[in-house]
Amino acid sequence: MAVLNNWRTLAIRKRRSSNRTRVDKGPEFRINRRIRVREVRLIDHEGTNHGVVPTNQALQMAEEAELDLVEVAPNASPPVCRIMDYGKFAYEKTKREREARKQQKQIEIKTLRLTPRTSDFHRDVYVSKAKKWLEEGKKVKFQVRFKAREITYPEIGQKTLLEVAEILSDVAEVEQAPKLEGWSMTLLLNPTG
């Protein structure tokens, strides 16, 4: 019975491990002995171009400088290799990517959901929230959700969304007019300033 239990455990572990998704870290650079071409175009650690040299000679030069031979342009003919400290290079590359991600302006879209039966008071509460977000520079999407027979009267939802657009016209411009998509109608607003 113990053997059977171990086989079940093994099968469960194997199944769990196969379900894990693998994270793609992007292109890895080939370094030192992993470079499998006869000749490379070599740039040393001082930036001097040595032209096309045999890979073994390039590896010797890297070992003499106590640095790594890194293939920086594998698609070139012959591949371009540079003598450098690979650890420092990888660290600076991740640092640059992190800085680039910080610099990207992330546009956030805030969504507010209404129904055709939403009262004017509640609609005005949503409008005041949307006004605050638009003044902060965020996009706002109003969505009127229809249920059951309400879908036969889409003009009620369209009227509500057009009223919202009219109220917010001083701080927003309409990016996407009221549009029926399935069981909901959406209106997308952009901040004007």
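The values are calculated or read from the model by the stated rules, or taken from the named source; none is laboratory data. The model shown is predicted, which means the values in this text are computed figures rather than measured ones. With ideal geometry, Cβ positions are generated from the backbone for all residues, glycine too; neighbour counts draw on all protein chains shown.
Are any of the residues in region 150-163 in contact (Cβ under 8 Å) with a residue 40 or more places away in the chain and of a type in the set (Asp, Glu)? The answer is yes; a qualifying residue exists. Go through (1) loosely packed, with under 13 Cβ neighbours inside 10 Å; (2) over 30 Å from residue 185 (Cα atoms) and name the single condition residue 79 misses. Of the numbered conditions (1) loosely packed, with under 13 Cβ neighbours inside 10 Å; (2) over 30 Å from residue 185 (Cα atoms), the odd one out for residue 79 is (1). Kindly list the number of the only condition in (1) modelled with pLDDT under 90; (2) more than 30 Å from residue 62 (Cα to Cα); (3) among the aromatic types (Phe, Trp, Tyr) that fails for residue 89. Failed condition: (2).
Residue-level check: of (1) part of a helix (DSSP H, G or I); (2) within 18 Å of residue 107 (Cβ to Cβ), residue 137 misses just (1). Checking each residue in region 24-44 for being free of Cβ contacts under 8 Å to residues at least 40 places away in the same chain, surrounded by 13 or more Cβ atoms within 10 Å (Cβ to Cβ) and either at negative phi or part of a strand (DSSP E or B) (or both) picks out 39, 44.
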